[in-house]
Structure formats: structure tokens, C-alpha cells
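Report on the structure given below.
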Amino acid sequence: MDHYVEVTPAEAGLTRDGVIKLHGAEGFEGMRKAGRLAAEILDALVPHVVPGVTTEELDDIVRQMTLRAGAVPATLGYRGYTHSCCTSINHVICHGIPSDKRLKDGDIVNIDVTPMLDGWHGDTSRMFLVGDVPVKAKRLVDVTYECLMLGIEQAKPGNHVGDIGYAIQTHAEKHRYGVVRDFCGHGLGQLFHDAPEIVHVGRPGTGPEQIGRAHV
């Protein structure tokens, strides 16, 4: 338990101090609402992610939907960033910047949205296939999704953070893919980026133990 601290919603966003926060029912409800909005935005983008659209146009849609829902894009103004989402095309790993670049038939693009609703953050992304995508790119997307779901399966009380990374790493490498080690997942709540860091490689039984809550 040394890695964790109990917090109230009023305290949850004060500092990023490396300690994993244990949220209560109110915090989880706030995060669920923000996460649900993020998912709805990604769903709404599906018919718009087509050959010829610019990533700036997609960014405008994200901003408008976020604001209409009473939220704000957490990225807007974050460390000087002037956009409402990140758009990472093909070889770009993450944090791609929307621009006047037009998507082409055969592209894959990851769109990362981060609405902040009533003080709580939602942060998620989805990979979109643009037009007729080559088989190799589709396979990469499929295996990546499988890695995601296997990692989620390991996110449960009694497991360790290393179990998540191990599940992702072993499945990717089994299919002869490498895992990016320069970026990681992270906790969130009333802070945009918070502890713990969730790397996509690991050894079973290592790292902080995952703690369950009755209301989750």
C-alpha cells in the first residue's frame, strides 16, 4: 500500500507527486462521464475520417463536440498546444499535430481525445482506417487492439502493473511486432497525467499491486 493514498475529489487534482490516488465513488462517476464523452466523440468521427479530409477539420469536430457537451479539450492550451486532439498518421507513434495535411486512401490514423468534464479527465484514442488499407496495416491495427484487450484483462485486483505490460509485450512479440518503450500509459483523474505510469513491457508480479474498490 505504500504506493497509494486515499483522496477526496477536492484533493485529487492538487499535485503530481508519484503517489497513486485511490478515488471514491464520486471520483469514479466523474471519470466515467468524461470517459463516456470521449468515446462518443470518437464514435462521431467515424463517418468523417475519409480520404481528403484534413486533420485540422477533424480537430474542429472534436473541439465543437467537446464544448457542446459542456467540457473543454484538456490539450487546448496545454503547454502551449493549440489543438483539441492529437492526430497521428501511419508511422507517427503518438501526439501528432492536426494540420492542413489531407488523409489519403490507405492511411491509418490514431485520434487521441481528452475532454475535461466537471473537473475530471477522459483520455482515450482510436485507430481509424482510411479507405482501402493494405493488409499489413490492418494486421498491425488488429494485433495492437488484441494487445489492448489483453492488457485490460490484467487490470484487476491482486495483479501487478507489470502483469499488464507483460501481457501486451508477449502478444506483440509473438506476432513479430516490437513495443514502443519511449511512451507509456498513465493514470488520470483531476490531473491530466498522473501516477501510475503504465509501460507496455514488463515482468509478471512486478510493480505496484492493483487495489480493488467495492464500488468500481
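The values are calculated or read from the model by the stated rules, or taken from the named source; none is laboratory data. Treat the numbers as computed from the prediction; the structure is a model and nothing was measured. We place every Cβ from the backbone using ideal geometry, glycine too, and count neighbours over all the protein chains shown.
Only residues that are in contact (Cβ under 8 Å) with a residue 60 or more places away in the chain and either in a loop (DSSP other than H, G, I, E, B) or among the polar types (S, T, N, Q) (or both) were counted in segment 78-94, giving 2. Taking the conditions (1) within 18 Å of GLY202 (Cβ to Cβ); (2) in contact with a Gly (Cβ under 7 Å, 6 or more places away or on another chain); (3) part of a loop (DSSP other than H, G, I, E, B); (4) not aromatic (Phe, Trp, Tyr) in turn, GLN169 satisfies each one other than (3).
So for segment 110-131 (the condition being of a type in the set (Val, Ile, Thr), in contact with a strand residue (DSSP E or B) (Cβ under 7 Å, 6 or more places away or on another chain) and over 17 Å from VAL49 (Cβ atoms)), does at least one residue qualify?
Yes: one or more hits.
Restricting ARG203, ARG181 to those that are surrounded by fewer than 17 Cβ atoms within 10 Å (Cβ to Cβ), farther than 17 Å from CYS94 by Cα and of a type in the set (D, E, K, R) reduces the list to ARG203. Just one of the listed residues (ARG79, ARG68, ARG36) is more than 17 Å from the chain's Cα centre (by Cα), modelled with pLDDT of 95 or more and of a type in the set (Lys, Arg), and it is ARG68.
To keep it simple, each residue is scored yes or no on (1) in contact with a Pro (Cβ under 8 Å, 6 or more places away or on another chain); (2) crowded, with 16+ Cβ neighbours inside 10 Å; (3) of a type in the set (Val, Ile, Thr); (4) part of a loop (DSSP other than H, G, I, E, B).
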{"position": "LYS21", "(1), (2), (3), (4)": "no, yes, no, no"}
{"position": "GLY27", "(1), (2), (3), (4)": "yes, yes, no, no"}
{"position": "LYS33", "(1), (2), (3), (4)": "no, yes, no, no"}
{"position": "ALA38", "(1), (2), (3), (4)": "yes, yes, no, no"}
{"position": "LEU45", "(1), (2), (3), (4)": "no, yes, no, no"}
{"position": "VAL62", "(1), (2), (3), (4)": "yes, yes, yes, no"}
{"position": "LEU76", "(1), (2), (3), (4)": "no, yes, no, yes"}
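Report the residue count in segment 99-128 for those that are of a type in the set (A, V, I, L, M) and touching a residue at least 60 places away in the same chain (Cβ under 8 Å).
Within segment 99-128, residues that are of a type in the set (A, V, I, L, M) and touching a residue at least 60 places away in the same chain (Cβ under 8 Å) number 5.
Restricting segment 174-208 to residues that are out of contact with any Cys (no Cβ under 9 Å at 6 or more places or on another chain) and of a type in the set (A, V, I, L, M) leaves a set whose member that is modelled with the lowest pLDDT is LEU188.
Looking only at segment 120-143, which residues are among the small types (Gly, Ala, Ser) and loosely packed, with under 15 Cβ neighbours inside 10 Å? The answer is GLY131, and nothing else.
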